[in-house]
Amino acid sequence: MSPSSHSGLCGWMGTILRVNLTTGEIKREPTPLDKARMYIGARGLGTKILYDELDITCDPLSPENMLIFLTGPLTLTLGLSSGRSTVITKSPLTGTVCSSNAGGSFPAAFKTAGYDAIIFTGCAEKPVYLSINDDNVALKDASAYWGMTTVETDHALKQTVNPKQCSETKTSCIGPAGENLVRFAGIANDGHRLAARSGVGAVMGSKNLKAIVARGTKGIKIAEPEELLRSNVMADHIKTMELGVVFEEFGTPLFVDVLGAVNAMPTQNFRAGFFEDGDLISGGAMYDRVIVRKKGCVACALNCARNTRLPSDSKFKGRGDGPEYETLYSFGSNLLINDLDAITKMNYICNEMGMDTIDAGVTLSALMELYEMGLVSAEEIGFPFEWRDAEAAVRMVEMIAHAEGFGVEAGKGGRYLAQKYGAPQVFMGSKGQGFSAYHPRAMVGQGLLFATSPEGGNHTTGNTIQREINGIPSPMNPLTGEGKPALVKKNQDETAFIEALGLCVFPYMFLENGLEVFTEFYNAVVGEKYSLAETYRMGERIFNLERMFNARLGFTRKDDYLPPRLTDEPHPEGVGEGNVVPLQAMLDEYYELRGWSADGIPTAEKLSELGIA
Amino acid sequence: MIVFEQERCTYCHLCTLYCSYTFSKGGVVEARPSVARIRVAQNEDDTIYAAHVCFQCPVQEPGLPREAASCLKACPVENCITRNPLTNIVAINEETCIGCGKCVRACEYQAVFLADGKAVKCEVCDDPLCVKACAPKALSFAETDEAYIENIAQLYKEVRL
């Protein structure tokens, strides 16, 4: 193999698609490379397009909202775990900008068809899907698929569209939850892998867009291929690290043990950080009961996914992907449910109906607490809703997906429910999005991160677990605010850069020098010589642009909020006993480091420094 | 030969991607699965994976004349698909290939592909990147025996692309 001669565009495919669902018009345009140089791709470029073109005051579920699918310049290039696609829109769950990404094999098919982005606007009169076969792009009637689960849709569409090329044909679709506008509905790649968070599936449903079906035969040009081959070495390095070894063995469920040990696995709606039945829902328990085999996203050597199946002696039936750690928390410890079969079943329901397991679980935990407080009755819900009641939980998850009975209300999210029944404090999330599986009282940096995330309680716009829990590159006391504002800023900015490349964030979380490694890969793919300062600045720019999107909608310091349970109620016995999140003090320091006003708004100087108009 | 162990595969397609690096054309290296000579299939339940790669249809019993592979028999062009008598590797001559696809359809193991109008198949690189790339070590560079051929032939017939 010899190095490429830099001929033509490397990394990006060079074309974007614009699909107006109201008129049915499909247009091709060159990828805006001036924007791509500033904002890269995926989360970065998508946010920039949304920021420039959307009437941000629009109702997220109205035809005015835009729904943008993207990959990044490193997607499918071997730049280490590079099989991701991203969805950008204005979230119906939080009212903010959001980015939600997923892996599987759809991103590869979408990118090799020749597109960096597909921008959907408007609303189709009847259900439609977008069919992409390289240059042949068409909107087709999806009435026959409306109502199908994600897995059914995936199978049926492949058979219909490309019966002879099923294995090359990939789908991204919504299930009934997205059709029913559940505010935390997601979009499923390959039927199972969800861009789950922020309600992107509800936006797709509101547009009557059931699916994208893609097949591609084009290539992604790589400027310095020899450099890229190092990704193999990096992957091997990760897999020989202490944490990497167990990650490869157990996938994300290993964190049940890791976070349980430091009192940081949210339990019973965040009252505690340790679930006494954790061993019943751990990675080991999953091997004993449900795991069939290991699986990876396309172009990833880490293989953290798990194919699972409920055993024949279970009262539940089904097979699919997961559950991941986040789901073992959201349907497990968070509800005090120790029945791995029930958790796995709820995971399958969420995947097949196309909705987020995290917000579904956080909504259920808020409802259990409201029920315990006597603010909502069994008559209203339709049945008692106690902690530990796995059958009630499974029933409610199904009702939410199908928008039946009380499920209609619950499908509007935990924040809505908690407000409606007069106890807003029981919703464990920020900006309307439920927290992922990290207890901020036991890792307070994560609390600051959740509070300042552009899309609320999400773990994918940054995650402090690397420093606060795993001690990479060096340990840091997870229980104090000391040094956390700087850590959170660095982590958020670097994560924005990684995600804009079109990569999974996991390798970054393992590496001591993630920014350096991924800057080298970026340069190798696109044939540039960016310095670390420059690529860091790209991440910071993306994060600030997201902040500005929200600021223009009136989001300020008051929205960088954590529930009083985290800031006022002391952590129970164990590691961090008595601890709370010192949010306000951290926010002061954080805003100053970021060059934002005391009210959390980026200053004119900062925006000008970053080149944000 | 490139030897595939089903149990280890994770459907990550790194073999396909690295293979496409090797066979990029026109002086530009591309990540381009559609030119790869190894392709990964899954069964409908998503519980069995099969990296389809040519195992060179070797002779079944030592001492007997070499049996022609289906692709070789199907090719209408003289001296296009040939078997190297020393290495036993079946190769396609890109110059003479007319892209008719008969070999692709003839291979019962789905190990011959059309890429940019030419038939392509694994002709076993000296230092195969697919083997290097395979993170779960499902691929290796080894001699094959009868039991392996029997198993892999069955797998390729069952788990289709």
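Could you grab the pairs with beta carbons closer than 8 Å, sequence gap of 6+ or different chains, first residue in the range B:79-108 and within 26 Å of B:GLU143 (Cβ to Cβ), second one part of a loop (DSSP other than H, G, I, E, B) and of a type in the set (Asp, Glu)?
B:ILE89/B:GLU123; B:VAL90/B:GLU123; B:ALA91/B:GLU123; B:ILE92/B:GLU123
If I filter the range A:366-382 for residues that are under 30 Å from A:ASP288 (Cα atoms) and polar (S, T, N, Q), do I get at least one hit?
no
Name the one entry in A:ASP236, A:ASP257, A:ASP277 that is charged (D, E, K, R) and within 12 Å of chain B (Cβ to nearest Cβ).
Unique residue meeting the criteria: A:ASP236.
Could you pull out the residue among A:PRO92, A:PRO107 that is on the phi < 0 side of the Ramachandran plot and in a loop (DSSP other than H, G, I, E, B)?
The conditions single out A:PRO92.
Test A:PRO323 against the stated conditions and say whether it is in a loop (DSSP other than H, G, I, E, B) and in contact with a Pro (Cβ under 9 Å, 6 or more places away or on another chain).
Criteria met by A:PRO323.
For the range A:191-226, enumerate the residues that are within 9 Å of another protein chain (Cβ to nearest Cβ) and among the hydrophobic types (A, V, I, L, M, F, W, C).
Of everything in the range A:191-226, those that are within 9 Å of another protein chain (Cβ to nearest Cβ) and among the hydrophobic types (A, V, I, L, M, F, W, C) turn out to be A:ILE220, A:ILE222, A:ALA223.
What residue, among those in the range A:282-297 that are within 14 Å of chain B (Cβ to nearest Cβ) and outside any strand (DSSP E or B), is nearest to A:ALA102 (Cα to Cα)?
Going through the qualifying residues, I end up with A:CYS297.
Taking A:TYR438, is it among the hydroxyl-bearing types (Ser, Thr, Tyr) and assigned to a helix (DSSP H, G or I)?
Criteria not met by A:TYR438.
From the set of residues in the range A:416-429 that are within 25 Å of the chain's Cα centre (by Cα) and touching a residue at least 12 places away in the same chain (Cβ under 8 Å), which is surrounded by the fewest Cβ atoms within 10 Å (Cβ to Cβ)?
Per the criteria, the residue is A:GLN425.
Can you find even one residue in the range B:70-83 that is within 14 Å of another protein chain (Cβ to nearest Cβ) and either part of a strand (DSSP E or B) or surrounded by fewer than 18 Cβ atoms within 10 Å (Cβ to Cβ) (or both)?
Among the residues of the range B:70-83, not one is within 14 Å of another protein chain (Cβ to nearest Cβ) and either part of a strand (DSSP E or B) or surrounded by fewer than 18 Cβ atoms within 10 Å (Cβ to Cβ) (or both), which makes the answer no.
Quickly run through the range A:50-95 and pick out the residues that are within 14 Å of another protein chain (Cβ to nearest Cβ) and within 18 Å of the chain's Cα centre (by Cα).
A:THR71, A:GLY72, A:THR75, A:SER81, A:SER82, A:GLY83, A:ARG84
Please enumerate the residues belonging to the range B:1-23 that are among the aliphatic types (A, V, I, L, M) and either in a loop (DSSP other than H, G, I, E, B) or under 13 Å from the mean Cα position of the chain (by Cα) (or both).
B:MET1, B:ILE2, B:VAL3
Could you list all residues from the range A:147-165 that are under 17 Å from A:HIS192 (Cα atoms) and buried (at least 19 other Cβ atoms within 10 Å of the Cβ)?
A:MET148, A:THR149, A:THR150, A:VAL151, A:THR153, A:ASP154, A:LEU157, A:LYS158
What are the pairs with Cβ atoms under 6 angstrom where one residue, in the range A:267-281, is assigned to a helix (DSSP H, G or I) and the other, located anywhere, is β-branched (Val, Ile, Thr)? Sequence gap at least six, or different chains.
A:GLY278/A:VAL256
Restricting attention to the range A:525-555, and to residues there that are under 23 Å from the mean Cα position of the chain (by Cα) and assigned to a loop (DSSP other than H, G, I, E, B), which single residue is surrounded by the fewest Cβ atoms within 10 Å (Cβ to Cβ)?
Among those that are under 23 Å from the mean Cα position of the chain (by Cα) and assigned to a loop (DSSP other than H, G, I, E, B), it is A:LEU553.
Looking only at the range A:306-325, decide whether some residue is within 14 Å of another protein chain (Cβ to nearest Cβ), of a type in the set (S, T, N, Q), in contact with a helix residue (DSSP H, G or I) (Cβ under 7 Å, 6 or more places away or on another chain) and over 23 Å from A:PRO384 (Cβ atoms).
The answer is yes, given that some residue of the range A:306-325 is within 14 Å of another protein chain (Cβ to nearest Cβ), of a type in the set (S, T, N, Q), in contact with a helix residue (DSSP H, G or I) (Cβ under 7 Å, 6 or more places away or on another chain) and over 23 Å from A:PRO384 (Cβ atoms).
Check whether at least one residue in the range A:12-33 is modelled with pLDDT of 95 or more, in a helix (DSSP H, G or I) and over 24 Å from the mean Cα position of the chain (by Cα), and report yes or no.
Within the range A:12-33, one or more residues are modelled with pLDDT of 95 or more, in a helix (DSSP H, G or I) and over 24 Å from the mean Cα position of the chain (by Cα).
Just checking, which of A:ASP389, A:ASP356 is over 25 Å from the mean Cα position of the chain (by Cα), at negative phi and not small (Gly, Ala, Ser)?
Sole residue among the options that is over 25 Å from the mean Cα position of the chain (by Cα), at negative phi and not small (Gly, Ala, Ser): A:ASP389.
Across the range A:266-322, which residue is farthest from A:ALA442 (Cα to Cα) among those that are under 20 Å from the mean Cα position of the chain (by Cα) and of a type in the set (Lys, Arg)?
Only one residue tops the list, namely A:LYS295.
Taking A:THR57 and the conditions (1) assigned to a loop (DSSP other than H, G, I, E, B); (2) touching a Pro at 6+ places or on another chain (Cβ under 8 Å); (3) modelled with pLDDT of 95 or more, which numbered condition does it fall short on, given that it satisfies the others?
For A:THR57, the exception is condition (2).
Only one of (1) more than 7 Å from chain A (Cβ to nearest Cβ); (2) hydrophobic (A, V, I, L, M, F, W, C); (3) touching a Cys at 6+ places or on another chain (Cβ under 8 Å); (4) under 20 Å from A:GLY296 (Cα atoms) fails for B:ILE2. Which number is that?
(4)
Would you confirm whether any residue within the range B:24-35 is away from chain A (no Cβ under 14 Å), among the polar types (S, T, N, Q) and not in a helix (DSSP H, G or I)?
no
Quick one: which residue in A:GLY432, A:GLY413 is crowded, with 23+ Cβ neighbours inside 10 Å, farther than 17 Å from A:PHE331 by Cβ and in contact (Cβ under 8 Å) with a residue 60 or more places away in the chain?
Of the residues listed, the single one that is crowded, with 23+ Cβ neighbours inside 10 Å, farther than 17 Å from A:PHE331 by Cβ and in contact (Cβ under 8 Å) with a residue 60 or more places away in the chain is A:GLY432.
I'm checking my understanding of the structure. Among residues of the range A:160-181 that are farther than 11 Å from A:SER206 by Cβ, within 24 Å of the chain's Cα centre (by Cα) and in a loop (DSSP other than H, G, I, E, B), which one is farthest from the other protein chains (Cβ to nearest Cβ)?
Per the stated criteria, the residue is A:GLY175.
Checking A:CYS300 against (1) more than 14 Å from every other protein chain (Cβ to nearest Cβ); (2) crowded, with 22+ Cβ neighbours inside 10 Å, which test does it fail?
A:CYS300 satisfies all of (1) more than 14 Å from every other protein chain (Cβ to nearest Cβ); (2) crowded, with 22+ Cβ neighbours inside 10 Å except (1).
Restricting the first residue to the range B:133-161 and requiring it to be in a loop (DSSP other than H, G, I, E, B), which pairs with a second residue that is loosely packed, with under 14 Cβ neighbours inside 10 Å and at pLDDT below 95 meet a Cβ separation below 7 Å and a spacing of at least six or different chains?
B:VAL159/B:ASN43
The values are calculated or read from the model by the stated rules, or taken from the named source; none is laboratory data. Only a predicted model underlies this, so the values are computations on that prediction, with no experimental measurement involved. Don't worry about glycine lacking a Cβ; one is built from the backbone with ideal geometry, like all the others, and counts go over all protein chains shown.
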